[in-house]
Amino acid sequence: MASPPFQGAPSRDPPHPHHLAEQLPPASFEAPSSEHTTTAEPTETTEKADLSVDGGEGGLSLEDGVAAGSQAEKAAAPTLDDYPDGGLRAWSVVGGAWCISFTSWGYTNAFGVFQTYYQDHQLSEYSHSDISWIGSLQLALVLACAIFVGKAFDAGYVTWLLCGAACCWTAGMFGFSEATQYWQVFLGQGVACGLGAGIAFIPAASSVSHWFKRRRALALGILATGSSFGGASLASLALYSGSSRLCAGIIYPIMLNHLFPRVGFGWTVRAAGFLTLAMLITAILTIRSRLPPRKVTKIFDFSPLREKAFLLVTLGETIIMLALYSPYFYIQDYALEHGISSNLALYSLSILNAASIFGRIIPNWLADTYGPLTILVPQCFISGVLIFLFLPMCKTAGGLVAFTILFGFSSGAYVSMMPPLVASLTKDMRTLGHRTSTLFLVVSVAALTGTPITGAIISRSDGSYVAAMCVAGSLTLVGSCFNAAAWWVVSREKGTRWV
């Protein structure tokens with residue numbers, strides 16, 4: 001008999017990871033329990049209903065019996081463990097959520113282009129750190145809004161949340177197109193667009209988890225590719241608006257390459273606003289939750305942090321967030337300062353985001369078999385090592401291309417893996433919105449401060465990137481160690497290394 005893989009683990013052998021997906025544990029990686037079974041046992045309520053219909057001694061009327069029987073059927077309904085895991089309705093939810101990812105994280109991932117543009121145009125008198133506060137606030141609000149939005153999602157207000165997000169986003173983008181001063185850009189792009197993205201993202205990601213279980217990580221990985229398409233296309237769009245050259249890209253330049261030379265930056269942003277509005281309308285029409293609403297209690301409930309594995313994951317993701325976006329914000333400036341051709345340097349962020357498409361699909365596909373933590377830990381370690389290599393690699397054209405491809409792939413798993421990771425640590429899926437929002441709220445603090453700290457270190461070092469990237473790489477490796485500790489805790493609890 002094979003011995004269990006860990007001391008104190010149940011004496012059962014985990015399924016071999018190369019088996020077909022149908023032979024593997026579900027994506028939540030939980031053993032079946034009585035709480036999630038779908039077979040209803042006879043209850044006192046159903047017995048009373050039967051007595052009343054049959055004219056037994058209960059003395060209940062026929063109407064009372066029908067009502068009691070209806071209540072028993074509702075209680076026995078398989079709502080918690082009856083995941084479609086496919087079909088037109090489920091995949092339409094993924095499509096709508098993809099539109100949200102395209103618009104929310106797409107702008108966030110493309111802010112490095114705006115950082116360079118602002119330093120050369122509207123905000124040339126401001127420092128690296130001052131400008132990066134705009135992008136970091138937008139990133140933080142995408143995550144911080146989750147603590148309120150998650151509760152509203154659990155209560156069933158999905159469509160209302162998406163409509164509110166569309167209002168914030170539209171107002172922010174069309175106002176931001178006229179911005180010429182720092183406070184105008186800060187309010188339009190940082191606050192309004194950040195709020196719109198934050199209000200929309202949690203309903204999108206959590207709704208997908210309501211429809212998928214066995215293939216949940218893959219579905220969420222497909223959702224996350226929207227940010228890569230959006231980031232790459234927005235990067236090309238913004239670059240073209242500041243130059244008279246034609247730019248190749250994925251989506252936006254195809255639509256707008258004859259528009260930019262005639263209308264300038266303002267109408268470029270407005271055109272992006274119209275496309276964003278179309279994406280949001282698509283999401284409103286397609287995204288729906290499936291599980292019954294859950295009564296909202298306390299808004300700020302940090303009880304998930306009492307779980308050892310959840311706490312370790314939260315610490316790991318927060319520390320990594322302090323550093324992981326530094327290359328996204330500063331790769332173009334660094335390449336230009338070291339003599340890389342402007343054409344290649346200004347497309348580096350587009351290449352990075354395009355490479356992250358594969359970094360969001362492939363690791364998530366593997367996570368359905370091997371578990372989210374098993375895949376996420378090495379990806380984050382690789383990202384930390386690559387941040388150290390940022391300094392020598394991005395000084396040459398070949399090294400820059402190699403870095404953008406490798407770092408785009410390795411870092412792509414970080415954001416895309418967070419929702420399935422939380423789902424795998426959640427027993428009652430009706431609490432998924434709240435648990436995800438708790439993680440995002442804590443991580444948002446690092447999102448707000450991480451890149452401005454990097455910018456401040458660069459300014460204090462007289463423009464040198466050495467200290468900033470060494471700090472960023474070290475923080476990424478430290479956060480990866482916390483994720484590895486979480487993997488160890490969960491693997492011992494579940495008796496399998498595929499968690």
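The values are calculated or read from the model by the stated rules, or taken from the named source; none is laboratory data. Just so we're clear, the structure is a prediction, and the values are computed from it rather than from any experiment. Positions of Cβ are backbone-derived with ideal geometry, glycine not excepted, and every protein chain shown enters the neighbour counts.
Among (1) modelled with pLDDT of 95 or more; (2) of a type in the set (A, V, I, L, M, F, W, C); (3) within 18 Å of M321 (Cβ to Cβ), there is one condition A413 misses while meeting the rest; what is its number? With (1) modelled with pLDDT of 95 or more; (2) of a type in the set (A, V, I, L, M, F, W, C); (3) within 18 Å of M321 (Cβ to Cβ) applied to A413, the lone miss is (1). Confirm whether R306 is crowded, with 22+ Cβ neighbours inside 10 Å and of a type in the set (D, E, K, R). For R306, the condition - crowded, with 22+ Cβ neighbours inside 10 Å and of a type in the set (D, E, K, R) - is not met. Applying the criterion of being touching a residue at least 60 places away in the same chain (Cβ under 8 Å) and surrounded by fewer than 16 Cβ atoms within 10 Å (Cβ to Cβ) to the residues of region 118-138, the residue that is nearest to G266 (Cα to Cα) is H121.
Listed here are the residues, each with its yes/no results for (1) surrounded by 24 or more Cβ atoms within 10 Å (Cβ to Cβ); (2) modelled with pLDDT of 50 or more; (3) in contact with a strand residue (DSSP E or B) (Cβ under 9 Å, 6 or more places away or on another chain); (4) of a type in the set (V, I, T).
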position	(1), (2), (3), (4)
A219	yes, yes, no, no
S227	yes, yes, no, no
A248	no, no, no, no
P253	no, no, no, no
F265	no, yes, no, no
T286	no, yes, no, yes
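For region 149-203, the candidate set comprises residues that are in a helix (DSSP H, G or I), within 20 Å of Q115 (Cα to Cα) and of a type in the set (V, I, T); within that set, the residue that is modelled with the lowest pLDDT is V185.
Under the condition of being among the hydrophobic types (A, V, I, L, M, F, W, C) and farther than 30 Å from A468 by Cβ, the residues counted in region 429-451 number 2. Checked against (1) at pLDDT 95 or above; (2) part of a loop (DSSP other than H, G, I, E, B), G479 passes all but a single condition, namely (2).
Residue-level check: of (1) on the phi > 0 side of the Ramachandran plot; (2) at pLDDT 80 or above, L280 misses just (1).
Per-residue answers, yes or no, for (1) over 19 Å from L386 (Cα atoms); (2) more than 24 Å from the chain's Cα centre (by Cα); (3) buried (at least 22 other Cβ atoms within 10 Å of the Cβ):
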residue	(1), (2), (3)
T449	yes, no, no
P452	yes, no, no
S459	yes, yes, no
D462	yes, yes, no
A468	no, yes, yes
A472	no, no, yes
L477	no, no, no
F482	no, no, no
E493	yes, yes, no
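Looking only at residues of region 345-375 that are among the polar types (S, T, N, Q) and out of contact with any His (no Cβ under 9 Å at 6 or more places or on another chain), we find that the one that is farthest from F114 (Cα to Cα) is T374. Residues that are among the hydroxyl-bearing types (S, T, Y), more than 25 Å from the chain's Cα centre (by Cα) and buried (at least 16 other Cβ atoms within 10 Å of the Cβ) within region 163-181 comprise just one, S177.
The residues listed here are S356, S416; of these, the one that is in contact (Cβ under 8 Å) with a residue 40 or more places away in the chain and in contact with a Lys or Arg (Cβ under 7 Å, 6 or more places away or on another chain) is S416. Tell me, yes or no, whether region 428-442 has at least one residue that is crowded, with 20+ Cβ neighbours inside 10 Å and farther than 26 Å from V489 by Cβ. Within region 428-442, not a single residue is crowded, with 20+ Cβ neighbours inside 10 Å and farther than 26 Å from V489 by Cβ. Being more than 15 Å from the chain's Cα centre (by Cα) and in contact (Cβ under 8 Å) with a residue 40 or more places away in the chain is a description that does not apply to G399. Every condition in (1) surrounded by fewer than 21 Cβ atoms within 10 Å (Cβ to Cβ); (2) at pLDDT 85 or above; (3) among the hydroxyl-bearing types (S, T, Y); (4) under 30 Å from T451 (Cα atoms) holds for S92 except the one numbered (4). When you look at G433, is it at positive phi and at pLDDT below 90, yes or no? The answer is no for G433. Restricting the first member to region 301-316 and to residues that are more than 17 Å from Y414 (Cα to Cα), and the second to residues that are in a helix (DSSP H, G or I) and among the charged types (D, E, K, R), the beta-carbon pairs closer than 7 Å and six or more apart or on different chains are P304/R435. Restricted to region 352-368, and to residues that are surrounded by fewer than 22 Cβ atoms within 10 Å (Cβ to Cβ) and among the β-branched types (V, I, T), which residue is nearest to L223 (Cα to Cα)? Only one residue fits best here, namely I361. In region 436-452, the residues that are over 14 Å from L195 (Cα atoms) form Cβ pairs under 7 Å with partners that are aromatic (F, W, Y), at six or more places apart or across chains, as follows: T438/F302; G450/Y325; T451/Y325; T451/F329; P452/W133. Of the helices (runs of 4 or more DSSP H) lying entirely inside region 318-428, those carrying at least 2 residues that are touching a helix residue (DSSP H, G or I) at 6+ places or on another chain (Cβ under 7 Å) and over 20 Å from S464 (Cα atoms) are 342-370, 372-393, 397-424.
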